[in-house]
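Heads up: the structure comes next, in structure tokens.
The values are calculated or read from the model by the stated rules, or taken from the named source; none is laboratory data. These figures come from a predicted structure and were not determined experimentally. Don't worry about glycine lacking a Cβ; one is built from the backbone with ideal geometry, like all the others, and counts go over all protein chains shown.
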Amino acid sequence: MLQYEGLKERIVARFDEMSPQLQKAARYILENGQEVALISMRELARNAGVQPATMTRLAKFLDLPGYDDIRAQYSQALRSQADGFAARAQARDVDGPSGSGLAHGMVQTLSAQIARLNAPESIARLERVADTLAAAGRIYVLGLRSCHSVAWHFHYVMTLLGEKTVHLDGPAGTGVDGMRRAGPGDVMLVISISPYAKQTLELVGLAREKGMGVVAITDSEVSPLSNVSDEVVICATDSATFFHTLTPALAVSEVLCGLLADRDREAAVRALQEADRHLQSLDIYANEIPKRRF
């Protein structure tokens with residue numbers, strides 16, 4: 001029987017060959033491994049928005065006898081992690097809790113998502129991304145729509161350390177103008193999750209045409225950014241609410257900033273001291289806590 005990691009690799013490798021419905025099922029399986037292990041094929045198909053027969057067709061497409069072979073591999077992987085923090089924290093109420101139950105479930109899910117970032121392979125990937133960014137002449141930071149907050153956070157923190165980043169954002173659609181001087185030796189850090197903004201993919205294509213490196217923070221191994229990036233950090237985005245979460249992506253941003261500062265601590269300290277002096281000269285922050293008026 002095809003082993004768990006081999007199965008995931010086969011799904012990713014053959015993803016582009018799949019029909020849209022098979023891709024929908026495959027992506028859901030990749031991103032919801034615990035459900036694959038714990039619920040029925042019919043329920044999983046309903047959650048994925050496909051017909052149960054699609055799950056069977058997917059197994060056949062992957063050269064497996066049937067869907068049970070997919071489920072068996074995910075069940076075995078879950079059992080091997082059963083005593084871990086992430087597996088416990090990931091448990092959620094399938095009946096859809098509300099109120100305090102919803103808050104509790106959301107915090108549990110976020111805890112599990114952050115915990116997954118601490119896996120050895122994830123830490124190694126973060127180190128590689130930090131190495132790539134540290135070696136870049138300039139880092140061009142791109143995050144559109146909901147991902148803007150993550151891109152801005154990374155850029156803002158990096159401005160405290162120097163002038164290495166260019167945030168591809170600007171009034172009147174002028175953000176792309178920042179790429180005029182970009183070229184080989186520079187790197188684009190792009191953040192994008194499903195649904196992927198068309199302009200994001202177009203700008204990544206432009207970066208490649210300019211000979212730039214590309215590193216991505218995205219939500220899936222089959223994200224359109226995966227095939228065009230030198231390094232990819234995968235962040236979970238599933239949430240019990242109507243909107244996806246960006247907390248794991250923001251955590252990655254903070255870790256990368258920390259790693260980059262750690263690459264040259266002396267320079268980082270000098271830059272931060274300079275930033276402190278500048279902010280103090282402008283009297284930016286309150287030095288006293290105002291008294292209550294009620």
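If you go through the stretch 157-175 and pick out every residue that is in contact with a Gly (Cβ under 8 Å, 6 or more places away or on another chain), of a type in the set (A, V, I, L, M, F, W, C) and either over 21 Å from Val129 (Cα atoms) or not in a strand (DSSP E or B) (or both), you end up with 1. Counting the residues of the stretch 138-153 that are over 16 Å from Asp219 (Cβ atoms) and either outside any loop (DSSP other than H, G, I, E, B) or at pLDDT below 95 (or both) gives 5. Only one of the numbered conditions (1) closer than 29 Å to Arg265 by Cβ; (2) surrounded by fewer than 20 Cβ atoms within 10 Å (Cβ to Cβ) is not met by Ala151, and that is (2).
Filtered by the rule that a residue be in contact (Cβ under 8 Å) with a residue 40 or more places away in the chain and among the small types (Gly, Ala, Ser), the stretch 136-184 gives Ala136, Gly137, Gly143, Ser146, Ser149, Ala151, Gly162, Ala182. Total residues in the stretch 37-64 satisfying the condition of being in a loop (DSSP other than H, G, I, E, B) and either touching a Leu at 6+ places or on another chain (Cβ under 9 Å) or within 15 Å of Ile11 (Cα to Cα) (or both): the figure is 4. Looking only at the stretch 123-142, residues that are out of contact with any Asp or Glu (no Cβ under 8 Å at 6 or more places or on another chain), crowded, with 19+ Cβ neighbours inside 10 Å and within 18 Å of Gly183 (Cβ to Cβ) come to 3 in all. Out of the residues in the stretch 11-62 meeting the condition of being crowded, with 17+ Cβ neighbours inside 10 Å and of a type in the set (Gly, Ala, Ser), tell me which one is nearest to the chain's Cα centre (by Cα). Going through the qualifying residues, I end up with Gly33.
Inside the stretch 205-222, residues that are within 16 Å of Leu142 (Cα to Cα), outside any strand (DSSP E or B) and of a type in the set (A, V, I, L, M) make up a count of 3.
Residues in the stretch 26-63 that are closer than 14 Å to Val222 by Cα and touching a Gly at 6+ places or on another chain (Cβ under 9 Å): Tyr28 alone. Residues in the stretch 188-204 that are outside any loop (DSSP other than H, G, I, E, B), under 15 Å from the mean Cα position of the chain (by Cα) and surrounded by fewer than 15 Cβ atoms within 10 Å (Cβ to Cβ): there are none.
On the basis of being modelled with pLDDT under 90, surrounded by fewer than 18 Cβ atoms within 10 Å (Cβ to Cβ), out of contact with any His (no Cβ under 6 Å at 6 or more places or on another chain) and not polar (S, T, N, Q), does Arg270 make the cut? So Arg270 fails the test. When you look at Gly162, is it within 30 Å of Glu17 (Cα to Cα) and either of a type in the set (D, E, K, R) or surrounded by 14 or more Cβ atoms within 10 Å (Cβ to Cβ) (or both), yes or no? No; evaluated as a whole, the condition is false for this residue. Across the stretch 6-15, the qualifying residues are those that are assigned to a helix (DSSP H, G or I) and in contact (Cβ under 8 Å) with a residue 24 or more places away in the chain, and the one among them that is nearest to Asp219 (Cα to Cα) is Val12. Taking the conditions (1) buried (at least 19 other Cβ atoms within 10 Å of the Cβ); (2) at pLDDT 90 or above; (3) among the β-branched types (Val, Ile, Thr) in turn, Thr237 satisfies each one other than (2).
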